[in-house]
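Asks: If you scroll down you'll find the structure; I have some questions about it.
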Amino acid sequence: ASRRYRGFLYTSRFDGLPNVLLEAVASGLPVVAPVRIGGIGELITEKTGYPVYETETAERYADAMTHILLGPTEAATRAKAAMKLAAERHSKSSFDRAMGELMRQRLKVVDA
């Protein structure tokens with residue numbers, strides 16, 4: 001991750017799992033994001049980032065950013081865990097594996 005940025009703050013009231021979060025995670029940035037929206041909570045957890053549960057209050061976002069700034073080692077640990085999770089679930093190789101398995105299952109049905 002760039003030393004220029006310490007974290008990525010994402011705020012939204014309505015969303016799925018936006019690509020910008022996957023890109024932030026892939027770059028190694030610790031992410032602060034609302035997790036009760038769409039699929040964000042599948043990526044950002046207490047182990048992989050800084051989830052915000054109360055999206056209507058700026059204080060929760062500020063608290064999470066403060067944790068990143070005051071705890072860079074913990075932030076790096078969470079960012080690495082997020083990178084690993086994203087690679088397992090959202091990389092091209094994970095897509096290729098999932099599609100391969102799906103096609104094998106479908107071909108078994110056709111061959112039966």
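The values are calculated or read from the model by the stated rules, or taken from the named source; none is laboratory data. The structure displayed is predicted, hence computed values, not measured ones. Don't worry about glycine lacking a Cβ; one is built from the backbone with ideal geometry, like all the others, and counts go over all protein chains shown. Ligands, DNA and RNA are excluded from the accessible area calculation, which covers all protein heavy atoms including side chains. Shrake-Rupley method; radii C 1.70, N 1.55, O 1.52, S 1.80 Å.
Asks: Which of the GluC sites (Glu not before Pro) found in the range 1-96 are loop residues per DSSP with 13 or fewer other Cβ atoms within 10 Å of their Cβ? Intermediate values should be presented prior to the final figure.
Replies: Numbers: sites: Glu23, Glu42, Glu46, Glu54, Glu56, Glu59, Glu74, Glu88; in loops: Glu46, Glu54, Glu56.
Within the range 1-96, the qualifying GluC sites (Glu not before Pro) (loop, at most 13 other Cβ atoms within 10 Å) are Glu46, Glu54, Glu56.
Asks: Just need the relative contact order of the chain here, percent rounded to a whole number, with Cα pairs under 8 Å and 6+ apart.
Replies: The value is 24 percent.
Asks: Which angle from 0 to 90°, rounded to the nearest 10, does the C-alpha axis of helix 72-90 make with the longest principal axis of the chain?
Replies: 20
Asks: Can I ask one more? Would you work out what percent of the accessible area of the chain, with all protein chains in place, is carbon or sulfur (probe 1.4 Å)? Mind dumping the intermediate values first?
Replies: Values: 4210 of 7470 Å².
Heavy-atom surface of the chain belonging to carbon and sulfur, 1.4 Å probe: 56 percent.
Asks: Next up: Can you give me the relative contact order of the range 7-54 as a percent, contacts being Cα pairs under 8 Å and 6 or more apart? Could you put the intermediate results ahead of the total?
Replies: Working: 72 pairs, mean separation 17.8, N = 48.
Relative contact order comes out at 37 percent.
Asks: List the longest stretch of the chain that has no exposed loop site; here a site is one of the chymotrypsin sites (Phe, Trp or Tyr not before Pro) assigned by DSSP to anything other than H, G, I, E or B, with at most 10 other Cβ within 10 Å. List each step's numbers first, then the result.
Replies: On the way: sites that count: Phe14, Tyr53.
Maximal segment without exposed cleavage sites: 54-112.
Asks: With charges set only on the Cβ (+1 for Lys and Arg, -1 for Asp and Glu), what does the dipole of the chain come to about its Cα centre, in debye to the nearest 20? Could you put the intermediate results ahead of the total?
Replies: Numbers: 16 positive and 13 negative charges, 86 e Å.
Computed charge dipole of the chain: roughly 420 debye.
Asks: Pick out which of Pro30, Pro72, Pro51 has the largest mean-square fluctuation in a Gaussian network model of the chain, springs linking Cα atoms closer than 10 Å.
Replies: Pro72
Asks: Same structure again: Roughly how tilted is helix 92-111, in degrees to the nearest 10 and between 0 and 90, from the longest Cα axis of the chain?
Replies: The answer is roughly 30 degrees.
Asks: Quick one: among Leu85, Leu29, Leu102, which has the greatest mean-square fluctuation in a GNM of the chain with alpha-carbon springs under 10 angstrom?
Replies: Leu102
Asks: Among Pro34, Pro72, Ser93, pick out the residue whose Cα is farthest towards the positive end of the charge dipole of the chain, where Lys and Arg carry +1 and Asp and Glu carry -1 on C-beta, about the Cα centre.
Replies: Among Pro34, Pro72, Ser93, the one farthest towards the positive end of the dipole of the chain is Ser93.
Asks: Using helices alone, I'd like the mean residue ellipticity at 222 nm for the chain: each DSSP H run of four-plus residues gives -39500 (n - 2.57), total over residue count, nearest 500.
Replies: Working: 5 runs with 64 residues, N = 112.
Roughly -18000 deg cm²/dmol at 222 nm, from the helical runs in the chain.
Asks: Treating cross-link reach as a plain straight distance, find the lysines whose alpha-carbon is under 18 Å from the alpha-carbon of Lys80, omitting any fewer than eight places away in the same chain.
Replies: Lys47
Asks: For the chain, what does the accessible surface come to per residue with a 1.4 Å probe? Please give it in Å².
Replies: Details: 7470 Å² over 112 residues.
Each residue of the chain exposes 67 Å² on average to a 1.4 Å probe.
Asks: So, one more: For all pairs of alpha-carbon atoms in the chain, what percent lies in each bin of width 5 Å, listed from the first bin to the last filled one?
Replies: Binned Cα distances yield the sequence 2, 13, 21, 20, 16, 9, 6, 5, 4, 3, 1, 1.
Asks: Given the options Thr73, Thr11, Thr45, state which has the largest fluctuation in a GNM of the chain using a 10 Å cut-off (strictly under) for Cα springs.
Replies: For the chain, modelled as a Gaussian network with Cα springs under 10 Å, the answer is Thr73.
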